[in-house]
Structures are given as structure tokens and as C-alpha cells.
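Quick note: the coordinates plus some simple rules give every number you see, no bench work behind them. Predicted model, so just to flag it, every value in this text is computed and none were measured.
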Ligand code: AMP
Ligand code: ZN
């Protein structure tokens, strides 16, 4: 099986073909650290994570680079409003991002470039474009990329640049979609920039890089002149990625990106979740409401990355049940009664079929919705087989466990559920003492006391299950 992906550039699904067989260089446009990332951002970041994990699970040697935008219009505006330098202003948001990313099980990138660490390279890059005639300094002191000098401009978005007003300029990092004008590579420093410590020396006077330029320089520096994959949210297609292509190809003369993948935005009550509309929810808020990280992860990866996903609490509750079913299933299989004398079961066949269906779904443009369906079909079937025959051979059990493990390499749900439900030895000792006291109360006929102990545990998210082998307990969320 080969991986097929939808490429925004060709507008079609086709085989993923890296430049060098077996090796993949990926660049993902990461967060702008001027605030806490919301779960919409994390839908996109978890899409990146699924790509990362699936490439690794498919045997590729992956170099995954995800930048942090720590200087741009938004970070400077935030720093000025807070009376801080951009470095001090962005630091806590960078830390919060890494914390949330780890909570949601994002596999670490190989490299997290920050724009402010690449300023010298950015200056050199702009100087090269000025020298080759692709860029010019304007009266406002800024250096602009001359869109008219780059014939292929507009291809990614599919816009016609024929009607382009030559020399019309835009200084800010984002502007009206469908509008193709010369964009700033380097901006002359203003008072706010100076105050926020966001001004650097350059041949064009003190200033700072434009946002589009930052990603070109960081990605080319870290991955070479042609990237196998470039990822981002759908809003970045134009102008951000269009401009990245123009600058990069003008500078290197080589194709910049082989496969462009863009994730659809998360909606809240039918509207795009965004900071500017004010309709956003953060990971932290959901954790405070008592949701566990695996449920949030499940919800955000439950739809295909190019499909619609509308966030609701009801959807998140359904994810919570799905995660619990998965966790229960994993312990049921791991703890299944094993005997050499057991009759063969359907477990190996069910596991193989599910693994195959899972792989096919992921290779089909990373279809996590179908991949999850393959997993939950296996859970239902294996549960049915274990109901019919609870005692199995070790190899049958291991076949089911291996399939689960294989799928979780990509989904990361058990991984996150286990991490957040792990309890220390002190908690284990406390729970076991409570179970003992409850057993004593029951033996003495003090049923109200026994129920009170059970309720006390439930309130702490610990559920007891009485069975023939005694009382077992588990952590639920
Ligand atoms: P920002 O921190 O604003 O630069 O955004 C970081 C990433 O989150 C970008 O790739 C955006 O496309 C993405 N993003 C922003 N809003 C949403 C949303 N509602 N759903 C999914 N991704 C989003
Ligand atoms: Zn970018």
C-alpha cells in the first residue's frame, strides 16, 4: 500500500512521493504565540501529529519541523499592549503551547524554530531577492516582493494575477483573500517595534521580517530547498503559503514544496472558531470542566482532516464514551484468561482484518474517521468473540494486543488515556485500603458504610467492579 494524499497544489489525491526514497522532510506552520492556542488550532496541530505518526508508522525516516511565530504583527501588538518585550510577552504562551501539546499526545517535532533565532538568515535572504530584482525597497522603508516578477504567483490558490495592479502594496502580514499585491518581506521599524525589542539592523535600516518570509527562511534552513510536505490550516493557503512559494522559488530556483496539505477549520455552533470572533475554547477550559485529554484528542481527530467538524459538548461526551470503551477493551484483552488448552478463536483474523482496514484508511488521504471505524469494529467483534469464549491462547490474545498497539501508534488515544489516568503508588495503596474497608463493612452487614466508601471512590473518578476474582478498580474520567 502506498500513501495517497490530497495536494492543494494539484487539487487532487495522488501518491505521496518524497524526493528521496524512505526519507521525508515536513514543515508545519505552528502557533503564533500571542495567546493560548484554542481547540481549533489544536484540530490543525493534531492533524499535523497524525501525519507525523502515520509517516513514522509507515517506516519513513521523518524530519518534522514545526515553527513558533514569535514576532509578527500580532505578537508585537500584544507586547506593546502589555508593556513587555516580545520575548517576555511570548514566553509563557510558548510554554503553554508545549504543555497542551504534550497533554494531547503530540509527538515532539525534531526541531521547533523560532523566527527571532533566524533574523540574520532572513536579512541575507531578502538581500538576495533585492539583488536578483525580485524585491525592492519602497518609500516607506519596507522591502517588498515584486509579485509581477514571479510568473507562477497565484497557482496554489488558483487566482488570476493578470488583473494585478502593479506596485500596489500591502505591509501587514495578512490581507484580503483574492488580493494579490506586493507584500512586505522586511518592514521598517516603528516606535512599537522598537519598544517591544522587535527591531533588528539591516541594510534597509532597523526593522523586522514579515511573517511569510519567516516561514520560508526557517523551512529552507532546516529542510533544504525542496520540502516533501508542507502543512497548515486552510486559512494559510493564501496569502501565507502563496507568498512562501514565491519568495522561496525566486530565491532557490527550485520547486519549494512537493505536497501541500491543509486542514479544515474547526467550527463552533456552525461558525469558524477563531480568536478574532471571540468564539473559542481552550484545552485548559475543557480540562477544567473535567474532560480528559484523550476525549479531546479523540474528538479533534474524529473527522477526516479535510472534512467539517463542528465542536459540541455532546460530541465530546460521545468521545469520552468511545475512549472509555477503548480503555476497557484494552484491559479486557490484556487481562483475558489464558490457557494453552484453549480452543483457537477468531481473534487473529479479526485483528489482521482490522489492521488492514486501518492502514487502508490512513493511506487514503489520512482518513482518521475510517481508521477509527476499523478500530471500533474490531473492538465490537473481539468483545463478541470473548463473550463466546473467555479463555484464549496467549498467541490469540497477543494478536489482538498487537493490532491495538499498531493502531495506537497513529491514533495515540490509549497512550494519552494511560498517561492521564496513571496513578502513583500512594493512590493505589489508598484505593486498596478503601476496598479492604468496604469488604469488611460488607462482611459485617454494614451495607450503608460499604456504599459510602464506593461513593467516595466514585467521586474521585475510581470505579469498582465486583467479580468472581474479587474487586477490581479503574480510573475513569
Ligand atoms: P495561529 O496561532 O493563529 O497562527 O494559528 C495556528 C494554526 O491554527 C494555523 O495553521 C491556523 O490555520 C490554525 N487554525 C486557526 N483557527 C482554526 C480553527 N478554527 N480550526 C482549525 N485550525 C485553526
Ligand atoms: Zn508559516
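List of remarks:
- Rg over Rh for the stretch 257-353 works out to 1.15, using Cα positions for both radii and the Kirkwood form for Rh.
- Nearest-ten-degree value, helix 394-411 long axis tilted from longest Cα axis of the chain: 30 degrees
- Shape of the stretch 1-153, Cα gyration tensor, a/c cut at 1.5: oblate
- Dividing the radius of gyration of the alpha carbons in the stretch 86-237 by their Kirkwood radius gives 0.98 for Rg/Rh.
- Size of the chain from its Cα atoms: along the principal axes, largest to smallest, the extents are 90, 50, 36 Å.
- Per residue, the chain reaches -15000 deg cm²/dmol at 222 nm when only DSSP H runs of four or more residues are counted, each adding -39500 (n - 2.57).
- Gyration tensor verdict on the stretch 100-164 (Cα atoms; rounded if a/c is under 1.5, prolate if a/b is larger than b/c, oblate otherwise): oblate
- The angle between the Cα long axis of helix 73-82 and the main principal axis of the chain comes to about 80°, on a 0 to 90 degree scale.
- Gyration tensor verdict on the stretch 298-435 (Cα atoms; rounded if a/c is under 1.5, prolate if a/b is larger than b/c, oblate otherwise): oblate
- Angle between the chain longest axis and helix 39-57 axis [Cα atoms, degrees, rounded to 10]: 80 degrees
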